[in-house]
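To keep things clear, I will list the structure first and then write my remarks on it.
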Amino acid sequence: MNEDTPEIDDPELRWPQKGDRLFFEFSWAYDARVTGDPKERFYRMPMGYKRAGDILIDQAATSVVDRMNIIYAALFCYRQSIELYLKQLIDEFGKEKKFSPKNTHDLNRLWERFVCIANERGGCESMGFIEAQKLIEEMHDFDQNSDGFRFPDNAHGEPFFSNDKSIDLNNVREVMQGLGNFFECFYLDWSNANFTP
């Protein structure tokens with residue numbers, strides 16, 4: 001192809017073109033703001049990944065062609081939202097940052113840190129706590145290092161799963177909604193509490 005190649009109107013057939021850029025401002029009415037403030041990012045990212053998972057699941061549920069392709073991205077988004085919800089709560093409410101969440105993708109380890117903070121605040125008796133723990137363990141067992149939905153095999157060339165698995169898309173979306181509500185309620189409760197250990 002050269003500069004004389006005519007432009008194609010169908011975006012599905014588009015190729016990279018001279019002058020293309022990914023990130024530039026167009027109009028405040030259409031642009032999406034990407035903030036640099038870590039606190040705001042920690043607030044928005046878990047909800048964003050959860051919402052992206054919902055949108056992908058909705059698309060997969062209506063399109064057999066998309067179903068087998070985008071399930072990985074949807075599940076990655078859901079796993080990432082869980083990880084970020086936990087990291088957000090640990091980062092913001094962990095006493096003197098002793099529970100720093102920065103260097104792990106291990107959901108079980110993050111859950112343990114979250115439980116320590118919840119114990120300090122009296123939140124372990126909350127409705128849904130045991131059920132949420134089981135869901136965290138299930139997601140961790142399914143994808144322990146946050147790479148099982150991103151890559152075809154692990155760093156050693158081994159498959160992530162020994163057998164194919166079928167997943168009820170409506171169920172995963174509904175259960176993730178409940179888990180997202182669980183984390184949001186803890187965030188709101190702890191944000192509005194005048195807590196002194």
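The values are calculated or read from the model by the stated rules, or taken from the named source; none is laboratory data. All values derive from a computational prediction rather than experimental measurement. Cβ placement follows ideal geometry from the backbone for every residue including glycine, while neighbour counts extend to all protein chains displayed.
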**Q.** Some residue of segment 134-155 being under 22 Å from the mean Cα position of the chain (by Cα), among the polar types (S, T, N, Q), surrounded by 11 or more Cβ atoms within 10 Å (Cβ to Cβ) and modelled with pLDDT of 85 or more
**A.** no
Q) Which numbered condition trips up residue 71, out of (1) in contact with a Pro (Cβ under 9 Å, 6 or more places away or on another chain); (2) touching a residue at least 40 places away in the same chain (Cβ under 8 Å); (3) of a type in the set (Val, Ile, Thr)? A) (1)
Q.
For the list (1) part of a helix (DSSP H, G or I); (2) crowded, with 18+ Cβ neighbours inside 10 Å; (3) not charged (D, E, K, R), I need the number of the one condition that residue 130 fails.
A. (2)
**Q.** Residue, nearest to residue 91 (Cα to Cα), within segment 31-43, restricted to residues that are of a type outside the set (Lys, Arg) and either outside any loop (DSSP other than H, G, I, E, B) or modelled with pLDDT under 85 (or both)
**A.** 42
Q) Within segment 133-186, restricting attention to residues that are assigned to a loop (DSSP other than H, G, I, E, B) and either touching a Cys at 6+ places or on another chain (Cβ under 9 Å) or aliphatic (A, V, I, L, M) (or both), which residue is nearest to residue 43 (Cα to Cα)? A) 149
**Q.** Neighbours by Cβ (under 7 Å, 6+ apart or cross-chain): first from segment 10-30, surrounded by fewer than 10 Cβ atoms within 10 Å (Cβ to Cβ); second in a loop (DSSP other than H, G, I, E, B) and not small (Gly, Ala, Ser)
**A.** 15/1; 25/31
Q: Select from segment 34-56 the residues that are of a type in the set (Lys, Arg) and closer than 20 Å to residue 77 by Cβ and write down the one among them that is surrounded by the most Cβ atoms within 10 Å (Cβ to Cβ).
A: 50
Q: Scan segment 98-111 and give yes if some residue there is surrounded by fewer than 21 Cβ atoms within 10 Å (Cβ to Cβ), in contact with a Phe, Trp or Tyr (Cβ under 9 Å, 6 or more places away or on another chain), of a type in the set (A, V, I, L, M, F, W, C) and assigned to a helix (DSSP H, G or I), otherwise no.
A: no
Q. Within segment 36-63, can you find the residues that are free of Cβ contacts under 8 Å to residues at least 60 places away in the same chain and among the aliphatic types (A, V, I, L, M)?
A. 45, 52, 55, 56
